[in-house]
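Before any comments, here is the structure.
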Amino acid sequence: MTQPTSNQQIIFDNVSKFYGDVLGVNRVNLSIAPGITSLVGPNGSGKTTLMNLMTGLVRPTQGGVSVCGLTADDPEKFFKMVGYCSQFDSFPKGITGYELVNNTLLLHGMDGKKAHELAIEALQRVNLLDAAHRKVAGYSKGMRQRVRLAQSIAHRPTVLILDEPLNGLDPMARAESIALFQSIGKQGLHVVISSHILHEVDKISDRVVLLSSGYVVAEGAIHSVRTEVKEHPMQIMVRCNNPSLLASRVFALDHAVEAKIHADGKGILVRTCDIEKFYLLLNKIVVSGEVELEAVAPADDDVNSIYQYLIGSDGGSI
Amino acid sequence: MATAEWHKWWTQFVVIAKMEYRKNVFTKRGLWIYFLAFAPVFIIGAHGLESPMGKRCSMGEDTRILAGIIMFFYVRLGIFFGCLGLFTWLFRGEVVQKSLHYYFLAPVRREVLVLGKYVAGVATAVTLFGAGVLLSYVLMYGHFGVAGQNFTFDGPGLMHLRNYLLITVLACIGYGSIFLALSLVVKNPIVPGTMVFLWEAISGVFPPIIQKLSITFYLKGLAPVELPSEGILALFTVVAEPVPLWLALPGFGLVVCAMLAFACWRIHSLEISYSAE
């Protein structure tokens, strides 16, 4: 696979941002390749600051940020490429959902007809066409979230930055939004998402950036980040017909830490410090026909577990 | 290529100016500016009712009163404070309402944004104060009947009206540029606004070279009726040679351009940090 060049990546080069004496983010070095990347961290960890830095809404105190080779200092090219759905839940007074999206497209220099077409398309994509001509001030929180999303995707950006895009959405709208992000991610475009809803982030992300107190704690593909967390043994859930045998064979190895047989007697949870050796063992056992496998899956190879291990609190409650 | 760029900037400028004009004109927050613009109209209207066909007043006296209303009320107070409210709110209002990021996230040069908002502000101020001045004129001479018509169409009336409207437009352009630039430097415009107000009021006592740094200096020369200084200030007033129009307009334009250039430079350092407001 070819490595993405700097013109395809979002690059943070030793970026620090201070708001007076308050630290926003400190010495961030990141190269984000196309695909879906999640920014994860507790409140105040610097997720929104990173997104605002990417889009030039705030300037770095030190260092530089570029998105696919461009910076927000050249807004005409930059914002043709970038769409940002911010967390600011505020709108120009008296504006309707359609006007919000349409005005943004007119600001792109589009003629009225094209702006109208794209505005309708975007509102349709977020399922808000019926309420398009109502005032945004009368929208529910979920509708406001969706109109912001429509506004950020209307010009068909190649880099989509989404700050808590699932906040306030009902389960149906959440599923639709996730499908939308996935379809954009599959086109090889950039989608950068910050979210508190870790299990949903986990489902859609190609990679994750973990932040805590303004510092990047870990970054990379979820699996590789998990593998790097050596102090917490990996957990693997195995569903099979003979978990007792598997447990006895696992304990014969020095890297196994724990093996817990499921209450129904048809599965086992293994904690091991060397996942590769465990899989080798499992292969041998299966090939020998001693055990019939039903399913094998990592049990803590997800954002929530990584978050717990590296940042310390329960991701589900942030 | 360059033509395409200019076309795009022009399109964006027009979009911004239209949106902002609508926002400025149709807002409850701006009702007090309507009051400033039309308060003299009601007073002059009442004066006309009290003195039908000019029975209890003279046209010469009313001409001086109208000149006083334009030069002292409109230029020094109405347009000054109207523009203070209007132009300082162009960006600060967006920050207070947390909606400036919509503009900052659009592919628009910030200079185009500044100029679009500025022109919308000028158009709003000219609409309101221009209408106020026009109605004041109509009511002031309307109650003289035929004599008022003769003054307007056969006498110097139309020239007076043209100059009053020119003064109004220039005052809106001048004050607007100053207050727009100030709003990008300070959060609260009251203190600098007061300083500019005092400066405009007392600049007449300074040597002519310093007087040239005030907006009213250029506008005084355009007044069709001379109004001598009265009261204690008259003792200290330094009468400066009126600047000829061919020099006054470029000088005025230079001040406005300098203010707008400063605003365009300043907007680049503006960050979106609503929580800090």
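Diffusion coefficient (Stokes-Einstein, Kirkwood radius over C-alpha pairs, 25 °C, 0.890 mPa s) for region A:18-115: 156 µm²/s, rounded to a whole number. Extent of region B:47-89 along its three principal axes (Cα atoms, max minus min coordinate, largest first): 45, 18, 8 Å.
Rounded to whole Å, the principal axis extents of the Cα atoms in region A:154-225 read 32, 26, 22, largest first. For region A:59-73, backbone nitrogen atoms closer than 14 Å to the point 7 Å from A:ASN14 Cα along Cα-to-C-beta are found at A:61-65. The fraction of all Cα pairs in chain B landing in successive 5 Å bins from 0 to the largest distance is 1, 5, 11, 15, 16, 15, 13, 10, 7, 4, 2, 1, 0, 0, given as whole percents.
In this structure, the amide hydrogen of A:GLU258, modeled 1.01 Å from its nitrogen in the peptide plane, lies closer than 5 angstrom to those of A:ARG271, counting only residues at least 5 positions away or on a different chain. Think of region A:35-175 as having a plus end and a minus end, set by charges on the Cβ of Lys, Arg, Asp and Glu; of A:PRO165, A:VAL65, A:GLY83, A:PRO165 sits farthest toward the positive end of this dipole.
The residues B:THR27, A:THR55, when put in order of fewest to most other Cβ atoms within 10 Å, stand as B:THR27, A:THR55.
For region B:122-167 versus region A:21-57, the spacing of their alpha-carbon centroids is 59 Å. The calculated P(r) of region B:1-151, using every Cα pair and 5 Å bins from 0, goes 2, 9, 16, 16, 13, 11, 9, 8, 6, 5, 4, 2, 0, 0 in percent. For region B:122-195, the Kirkwood hydrodynamic radius from C-alpha pairs, put into Stokes-Einstein at 25 °C and a viscosity of 0.890 mPa s, yields a diffusion coefficient of 173 µm² per second.
Overall, the protein assembly as shown carries a charge dipole of about 1200 debye about its Cα centre when +1 sits on the Cβ of Lys and Arg and -1 on the Cβ of Asp and Glu, all other atoms neutral. Compactness of region A:69-117 is given as radius of gyration and Dmax, 12.5, 37 Å, from Cα positions. The Cα center of region A:128-183 and the Cα center of region B:90-113 differ in position by 21 Å.
Using a cutoff of 8 angstrom between alpha carbon atoms and counting only pairs six or more residues apart, the relative contact order for chain A works out to 19 percent. Ellipticity at 222 nm from helices only: DSSP H runs of n ≥ 4 in chain A, each -39500 (n - 2.57), divided by the residue count, give -11000 deg cm²/dmol.
Counting other C-beta atoms within 10 Å, and keeping those with at most 14, which DSSP coil GluC sites (Glu not before Pro) do you find in region B:1-63?
The qualifying sites: there are none.
Going by amide H atoms built from the backbone, whose H comes under 5 Å of the H on A:VAL192, apart from near neighbours? The list, which skips near neighbours in sequence, is A:THR37, A:LEU160, A:ILE161, A:LEU162. Once the C-beta distance of B:LEU198 and A:SER224 is scaled by a Förster radius of 60 Å, the resulting FRET efficiency is 0.35 to the nearest 0.05. Shielding of peptide A:102-110 by partners, expressed as the average count of other chain Cβ atoms within 10 Å per residue Cβ, is 6. Using R0 = 45 Å, the C-beta based FRET efficiency linking A:GLU258 and A:ALA175 works out to 0.80. Phi-derived couplings, Karplus 6.51 cos²θ - 1.76 cosθ + 1.60 at θ = phi - 60°, listed residue by residue for region A:126-137: 9, 6, 10, 5, 5, 9, 4, 9, 8, 5, 4, 4 Hz, with x used for Gly and Pro.
Backbone geometry of region A:231-246 corresponds, through the Karplus equation with coefficients 6.51, -1.76 and 1.60 at θ = phi - 60°, to 3J(HN,Hα) couplings of 6, 10, x, 6, 10, 10, 9, 10, 9, 7, 8, 9, x, 5, 4, 4 Hz, x marking Gly and Pro.
Among the residues of A:85-93, the average count of other protein chain beta-carbon atoms within 10 Å of the residue beta-carbon is 5.
Among the listed pairs A:LYS113/B:LYS8; A:LYS77/B:LYS187; B:LYS23/B:LYS187, give every one whose C-alpha distance is greater than 23 Å.
A:LYS77/B:LYS187
Here chain A has an Rg and Dmax of 22.9, 72 Å, counting Cα atoms alone.
For B:LYS220, the lysines whose Cα falls under 25 Å of its own Cα, not counting residues fewer than eight places away in the same chain, are B:LYS212.
For region A:120-255, the average shadow cast by the Cα convex hull is 12.4 nm², which is a quarter of the hull's surface.
Computed extension gain for A:CYS273 through A:GLN187, at 0.36 nm per residue and net of the alpha carbon distance, reaches 27.3 nm.
Both radii are taken from the alpha-carbon atoms of region A:178-272; with Rh as the Kirkwood radius, Rg/Rh is 1.11. Taking region A:3-45 and a reference point 7 angstrom along Cα→Cβ of A:GLN87, the backbone N atoms nearer than 14 Å belong to A:24-25, A:39-45. Rounded to the nearest angstrom and listed largest first, the equivalent-ellipsoid semi-axes of the protein assembly as shown from its Cα gyration tensor are 69, 23, 19.
A short reminder: the numbers here are calculations on the coordinates, not readings from a lab. Note that the coordinates shown come from a computational prediction; the quantities given were computed from them, not determined experimentally. In this analysis, Cβ positions are derived from the backbone assuming ideal geometry, glycine residues included, and neighbour counts consider all displayed protein chains.
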